[in-house]
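One structure is given below, encoded as structure tokens.
The values are calculated or read from the model by the stated rules, or taken from the named source; none is laboratory data. As the structure is a prediction and not an experimental result, all values here were calculated from the model. Neighbour counts run over all protein chains shown; Cβ positions are idealised from the backbone, glycine included.
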Amino acid sequence: MQSGAGMAQHFAGVDFGTSNSTVGLADATGAWLVALEGAHVTLPSAVFFEAEGGGAFFGRAAMAAYLEGEDGRLMRGLKSTLGSALFGERTVVGRRSVSFRDVVARFIGELRSRLDAVQPGMRQAVFGRPVHFVDDDAGGDAAAEAALEGIAKACGFTEVEFQYEPVAAALHYEQGLAAEEVVLVFDIGGGTSDISILRLSPERARAPQRMGDVLANGGIRVGGTDFDRLLSLAEAMPHMGYLAPTKGGTGLMPRHYYLDLATWHRINALYTARTAADLKALRLEADRPELVERMMRVVEGRKGHALAMEVERVKIALSDEEAARLMLGPLSGGPNPVARRDRFEAAVEAPVARIAALIADTLRDAGLGAERISTVFLTGGSSHLPLLRATVARALPAAKLATGDMLGSVGTGLALDARRRFG
């Protein structure tokens, strides 16, 4: 975008993430992230709709409004609806019925507004996307990209291109290289795990076309929100009746209520009169009704997102500590149990095995042995988890592990890619 005679030309990259979003700008001298919320360059991908009046808060302000008890509805994990049947469904917000597409569009529009505040009138942008929005569903994957493109154009971006998020992170990492490397970029975000294997160097960075440098891409729909869900089911939900016996030990509490409560973008589905009635009936059948009463307290008080935030906090704490206390009492009236790292790692064994298989599959697709990878560049909010780092180290023992801006490398790389495409 040309800002005016004699002014520098700028190029935009938009990273709409499951947990956090960023917007990058690039000019002839380099790339940087736009401050989106005060001094913060990240905007949590959250929207809080007021119950009356139709107003909305975004990012940290959205989560603060929810936690402070404002009357309204919090929505997070919006990107996870792309490519799913949920994307076209409608949900009640206050007295209004809106689709999840409308909510995503509202959030992307807010990103656009905050970009306009520092660099108005941008018409071209490169948007990030996972290697696969949806596992093993080419139609759903194409529909997800088309939906995001349509929303971006409705928000004023007349030219929209897409780049895989790990490729964008590689372009960011390449800016600091002094010599050629074969790099495996591992982007572990809130909703997906994505890998790209590339040849990178200062000389290659100046090339107008880079497709020949991308040796392989791979991705699966496993990310930080999956680890949150599994930690919640293992350590929090049993204290609220998950898998608890009913009818004198002949039955079990239905699982789907707890699965919804443990899944960011499904939490609001519980806030219905039908669910409240179901839980009251199940309390009468439960062998330990006090556990169901804790579940009822969370649901009736609409504290599901607060519970998810507490689980997420403990997951992050377990990266540095062997144990951390889950403060469930203020939310459910139950105990405040201690979660342990070894139990968390056991709970996420299946998705971590899928990630290990993804690394092997992407190496095979690139036609490379593990010894050919000189560097693994880790990015994304979940890349600090010790178990994931250990998994990478086992798969690629000769590679050095490098990290940069775990939440911002994709947005910066997208802006660099926009400069290459539109400059």
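Exactly one residue out of Ala273, Ala281, Ala286, Ala317 is of a type outside the set (Ser, Thr, Tyr), surrounded by fewer than 19 Cβ atoms within 10 Å (Cβ to Cβ), in contact with a strand residue (DSSP E or B) (Cβ under 6 Å, 6 or more places away or on another chain) and in the same structural domain as Thr246 (by TED's automatic domain parsing): that is Ala317.
Taking the numbered list (1) in contact with a Gly (Cβ under 8 Å, 6 or more places away or on another chain); (2) within 25 Å of Ala8 (Cβ to Cβ); (3) part of a strand (DSSP E or B) in turn, Val160 passes all entries but (1). Might you check whether a residue that is surrounded by fewer than 18 Cβ atoms within 10 Å (Cβ to Cβ), part of a strand (DSSP E or B) and not hydrophobic (A, V, I, L, M, F, W, C) occurs anywhere in segment 70-82? No, every residue in segment 70-82 fails to be surrounded by fewer than 18 Cβ atoms within 10 Å (Cβ to Cβ), part of a strand (DSSP E or B) and not hydrophobic (A, V, I, L, M, F, W, C). Out of the residues in segment 300-324 that are of a type outside the set (Asp, Glu) and over 24 Å from the mean Cα position of the chain (by Cα), state the one that is nearest to Asp260 (Cα to Cα). That would be Gly301.
No other residue among Glu50, Glu68 is in contact with a strand residue (DSSP E or B) (Cβ under 7 Å, 6 or more places away or on another chain) and among the acidic types (Asp, Glu) apart from Glu50. Any residue that is of a type in the set (Asp, Glu), in a helix (DSSP H, G or I) and more than 24 Å from Gly381 (Cβ to Cβ) - is there at least one of those in segment 232-239? No.
Being acidic (Asp, Glu) and either in contact with a His (Cβ under 9 Å, 6 or more places away or on another chain) or over 24 Å from Glu310 (Cβ atoms) (or both) is a description that does not apply to Asp228. Selection of segment 248-302 for residues being outside any helix (DSSP H, G or I) and within 17 Å of Pro238 (Cα to Cα) yields Gly249, Gly251, Leu252, Met253, Pro254, Arg255, Ala262, Thr263, Ala286, Asp287, Arg288.
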